[in-house]
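The values are calculated or read from the model by the stated rules, or taken from the named source; none is laboratory data. What you are looking at is a predicted structure, and each value in this text was computed from that prediction instead of being measured. Note that we place each Cβ from the backbone using ideal geometry, even for glycine, and neighbour counts take in every protein chain shown. The protein model used for the area step is the full one, side chains on, heavy atoms only, and it has no ligands, DNA or RNA in it. Shrake-Rupley method; radii C 1.70, N 1.55, O 1.52, S 1.80 Å.
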Amino acid sequence: MTVDRNMWADTFTNDLPHWPCPTCGKGHFAVIKDKLLREETGPSKSAHTHDAWEPDWIVNSFTALIQCSMPGCGEVGSVAGTSTLDYNQIGRDEYVTTHYYKVEHVSPGPIPIALSSSTPKPVVDALKEASRLIWASSEAAANQIRQAVESIMDDRGMATHDVAGKRIMLHGRIKEFEATDKDNADVLLATKWIGNSGSHVGGITREDVLDAFDMIEYVIEEVYGNTRAAIKAKVAAINAAKGPVKKP
């Protein structure tokens, strides 16, 4: 499954999305009633004196409290950023206001992908940090995903130093991994290249980061997930029985 880009867009119209809760992994965040606050910024207020001023020049800072929908979780988080607006006339003296929200911070950060329960903790931690940073810096988020690739190589037992004691770069570790798992090594190599681009300011977009999340999710499911194995077992049982297999 690929990341739902609509939930990680640059701007949101009128409402914030119902991001997945990173605490329980089952519920979704929603804004708590009456807990979204908008306040016009100082420079925006100063602009009112301009002869050409229009209401759609207004820029607000906003904050909101969000809560997980699962009763057994109830995690509370916060969102912050800036908002702008449009006034659209729909009648002689009737207007509709549209708010546009640009999110700059969400805590705890929603994770764009599903993580198998068998995913090693260092990999999870790096991806959680990438999820937190994605709103503020695509470059920083990409670097954390690259760290998750390093942690996968650690978990799979790839050497960190050669026989001379020299540190092996991530590229070399992935090439070593390729000898036993070429398909996933190819995906991790592409993920690494995106992470490398995160070292250069302006060298990467949020869409690039979401691509990296897509790719590392694929590897995590292949390496640590059980969905594929479970389906293969069902296929073998059905083929052997030449029909549906009765549940015990």
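Which count do you get for residues in region 25-42 that are loosely packed, with under 15 Cβ neighbours inside 10 Å and over 18 Å from Ala80 (Cα atoms)?
Residues that pass the stated criteria total 2.
List every residue pair whose Cβ atoms sit under 9 Å apart, with the two residues 6 or more apart in sequence or on different chains, where the first one lies in region 33-49 and is within 20 Å of Ala64 (Cα to Cα) and touching a residue at least 60 places away in the same chain (Cβ under 8 Å) and the second, anywhere, is β-branched (Val, Ile, Thr) and assigned to a strand (DSSP E or B).
If the second residue must be β-branched (Val, Ile, Thr) and assigned to a strand (DSSP E or B), the pairs left are Arg38/Thr63.
Please enumerate the residues belonging to region 51-87 that are open to solvent by 40 Å² or more (accessible area, probe 1.4 Å), in contact with a helix residue (DSSP H, G or I) (Cβ under 8 Å, 6 or more places away or on another chain) and not acidic (Asp, Glu).
Trp53, Trp57, Val59, Thr84, Tyr87 - these are the residues of region 51-87 that are open to solvent by 40 Å² or more (accessible area, probe 1.4 Å), in contact with a helix residue (DSSP H, G or I) (Cβ under 8 Å, 6 or more places away or on another chain) and not acidic (Asp, Glu).
Return yes or no: is Trp193 of a type in the set (Phe, Trp, Tyr) and without any contact (Cβ under 8 Å) to a residue 12 or more places away in the chain?
On the way: of a type in the set (Phe, Trp, Tyr): yes; without any contact (Cβ under 8 Å) to a residue 12 or more places away in the chain: yes.
Judged against the criteria, Trp193 is a match.
So if I check each of Ala185, Ala148, which one is without any contact (Cβ under 8 Å) to a residue 24 or more places away in the chain and buried (at least 17 other Cβ atoms within 10 Å of the Cβ)? Step through it out loud before you land on a result.
On the way: Ala148 fails: without any contact (Cβ under 8 Å) to a residue 24 or more places away in the chain.
None of the others qualify; the one that does is Ala185.
Filter region 203-221 down to the residues that are open to solvent by 60 Å² or more (accessible area, probe 1.4 Å) and touching a residue at least 40 places away in the same chain (Cβ under 8 Å), then identify the one that is nearest to Asp181 (Cα to Cα).
Ranking the candidates gives Glu221 first.
Testing Val149 on (1) under 13 Å from Val209 (Cα atoms); (2) more than 12 Å from the chain's Cα centre (by Cα); (3) among the aliphatic types (A, V, I, L, M), one condition comes back false. Which one is that?
(1)
Name every residue in region 93-139 that is out of contact with any Phe, Trp or Tyr (no Cβ under 9 Å at 6 or more places or on another chain), part of a helix (DSSP H, G or I), within 24 Å of Val76 (Cβ to Cβ) and of a type in the set (A, V, I, L, M, F, W, C), in order of residue number.
Answer for region 93-139, where residues must be out of contact with any Phe, Trp or Tyr (no Cβ under 9 Å at 6 or more places or on another chain), part of a helix (DSSP H, G or I), within 24 Å of Val76 (Cβ to Cβ) and of a type in the set (A, V, I, L, M, F, W, C): Val124, Leu133.
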